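Engineer: Below is a structure I'd like to ask you about.
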Amino acid sequence: MQQRHLGRSGLRVSRLALGTMTWGRDTSPDQATKQLAAFTEAGGTLVDTADVYADGDSERLIGVLLGDVVARDQIVLATKAVAHRTDGPFGGGASRGALLTALEGSLRRLNVDHIDLWQLHAWDAATPIEETLAAVDTAVGSGKVRYVGVSNYTGWHLGTAATLQRATPGHTAIISNQVEYSLLERGIEREVVPAAEHHGIGLLPWAPLGRGVLTGKYRNGTPADSRGACSHLAPYVEQHRTERSARIVQAVATAAEGLGTSPLAVALAWVRDRPGVVAPVVGARDATQLHGSLAAEDLVLPPAIRAALDDVSRIELGYPERPLV
């Protein structure tokens, strides 16, 4: 699998990341083991989780598998903090106390002494960003965090954090922003993508398959074994089951048929090679499903097909994203 630098940093990661949001809840330890083995055997290195996934069980499961399935130094381990975990003054948010408490919890559950990429899961409007970033610098200075990224940051969030960190020599640079991005969700192109490009920040798209909709599995109903049929995940999928989405899915299916590949591979190749993108984060139900994503590694979309997909999924840009003439 090809490797890419994450933002304007020396950290190299595989151009596909393994997402583990369902590990410890919907994905069994056996299937997680098979997924991690298949991913690393294919050359994948970036494994992404969060302290709140499955109430911490995703991190716990990864902690069990590290060493047994893959050596710790063969993967880039990424996790997140900020989301609400527990009641109490330090159970969530981006205050200094909450972040450093969250970091210790992640290290304990993952059974490691450091996190390769520690990500702020969301912007916390209730905490001064200067306090948040000071905690980030403390975490890196302690050796418990190697690199820092953010997640779900808007363009101005990203620009503010990146500028503050770059303003003072020695502060920890923000190198990534993990955001939803797919043929069905291109909103980040308005301001997040330009901000990331300006500040040298790499993009890690989550839900690159449109929450599963771009695979075409929902074209004729809801498969019983899909996320759309799961009570706690159905609303997550339903957001992208619209008339607009149906037109885009049809275009993806047509392209896949013409190329002799799967809709999954077409959708993944499209987002993987968008400007600023470093590694789409792909979650899978089982190892068989993951192999479908790994098979997209060698697919390069012909310019004509890419242009057609760009056109059918295009979003409206206006002032101030589009300059006045």
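Rule-based calculations on the coordinates, nothing more; no lab input. Everything numeric here is computed off the predicted structure, so don't read it as measured data. All Cβ positions, even for glycine, are placed from backbone atoms using ideal geometry, and neighbour counts span all protein chains on display.
Engineer: How far is it, in nm, from the label point at T86 to the one at W156 when both lie 7 Å from their Cα along the line to the Cβ?
Structural biologist: 3.6 nm
Engineer: While we're here: What list do you get for K80, K217 if you sort them by fewest beta carbons within 10 Å?
Structural biologist: With the fewest neighbours first, K80, K217 line up as K217, K80.
Engineer: Here is a further query. Per DSSP H run of n ≥ 4, the term is -39500 (n - 2.57); total these for the chain, divide by its residue number, and report the mean residue ellipticity at 222 nm rounded to 500 deg cm²/dmol.
Structural biologist: Per the formula, -11500 deg cm²/dmol.
Engineer: Sorting H121, H232 on the 10 Å Cβ count, fewest up front, what's the list?
Structural biologist: H232, H121
Engineer: Over the chain, what is the mean sequence separation of C-alpha contacts under 8 Å (at least six apart), divided by residue count, expressed as relative contact order in percent?
Structural biologist: 17 percent
Engineer: Using +1 at the Cβ of each Lys and Arg and -1 at the Cβ of each Asp and Glu in the chain, identify which of H114, T49, T261 lies farthest towards the dipole's positive end.
Structural biologist: T261
Engineer: Could you please rank E321, E130, E189, E59, placing first whichever residue has the fewest other Cβ atoms within 10 Å of its Cβ?
Structural biologist: Ascending Cβ contact count within 10 Å gives the list E130, E321, E189, E59.
Engineer: Sticking with this one: I'd like the antiparallel share, as a percent to the nearest 5, of DSSP beta bridges with both residues in segment 87-223.
Structural biologist: Percent antiparallel among DSSP bridges in segment 87-223 is about 5.
Engineer: Once you have the Cα-Cα distance between D298 and D310, take 0.36 nm times their residue separation minus that, and quote the gain in nm to one decimal.
Structural biologist: 2.3 nm
Engineer: Could you go through segment 248-262 in sequence order and give the Karplus-derived ³J(HN,Hα) for each residue, using 6.51 cos²θ - 1.76 cosθ + 1.60 with θ = phi - 60°, rounded to whole Hz, and x for Gly and Pro?
Structural biologist: 5, 4, 5, 5, 5, 5, 5, 4, 4, 4, x, 8, x, 9, 9
Engineer: Let's see if you can work this out: charge +1 on each Lys and Arg Cβ, -1 on each Asp and Glu Cβ, no other charges. What is the dipole magnitude of the chain about its Cα centre, in debye to the nearest 20?
Structural biologist: 320 debye
Engineer: At R0 = 22 Å, how high is the FRET efficiency between L324 and R166 if r is their beta carbon distance? Nearest 0.05 is fine.
Structural biologist: Once the sixth-power term is evaluated, E becomes 0.15.
Engineer: Another question about this same structure. If you take the beta carbon distance between A125 and Q289 as r and set R0 to 30 Å, what does 1/(1 + (r/R0)^6) give as a FRET efficiency, to the nearest 0.05?
Structural biologist: 0.25
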